[in-house]
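To start, the structure under review is shown below, and the notes come after it.
Every read-out reported here was derived from the displayed coordinates using simple, explicitly stated rules and does not represent laboratory data. Computed from a predicted structure; not experimentally measured. Every residue, glycine as well, gets a Cβ built from its backbone with ideal geometry; the counts of neighbours run over all protein chains shown.
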Amino acid sequence: MNFSVKDVFGNHLLLFRQLGYHPSPHGDSFIRRLGTGLYPRYHAYVKSEPDRLIIDLHLDQKKVSYEGQKAHSGEYGGELLVQEKLRIQQYIDSK
């Protein structure tokens with residue numbers, strides 16, 4: 001799910017930490033766990049543009065199955081992602 005939001009902080013690391021996300025181990029995105037395990041988790045790639053952030057959000061259901069591959073059981077639409085998108089937008093709108 002792709003969407004854009006106002007860049008109210010000028011620092012997307014700060015914004016995503018306040019939203020409960022952590023930098024991914026690969027350093028190019030952010031993750032937020034839904035429980036105590038590593039999966040399932042929200043996974044957000046963020047691109048900065050002037051005054052906006054473009055967010056590519058999906059839900060990782062489980063770890064990559066085959067070594068060397070990036071494919072995984074991910075969801076790119078659905079009610080959970082809609083709710084998370086609204087949570088992010090409402091947080092930003094409150095600032």
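Divide, for the stretch 2-93, the radius of gyration over alpha carbons by 2.2 N^0.38 Å, where N is the residue count.
On the way: Rg = 13.2 Å, N = 92, 2.2 N^0.38 = 12.3 Å.
The value comes to 1.07.
Each label point was placed 7 Å from the Cα along the Cα-to-Cβ direction; for GLN83 and GLU49 their separation is 2.9 nm. Each of ARG17 and ARG33 was given a label point 7 Å from its Cα along the Cα-to-Cβ line. The distance between the two points is 1.9 nm. Each label point was placed 7 Å from the Cα along the Cα-to-Cβ direction; for LYS6 and SER24 their separation is 2.8 nm. Of the residues ASP7, ASP93, ASP56, the one with the fewest other Cβ atoms within 10 Å heads the list, and the complete ranking is ASP93, ASP56, ASP7. Against the chain, whose longest principal axis is taken from its Cα atoms, helix 79-93 shows a tilt of about 30°.
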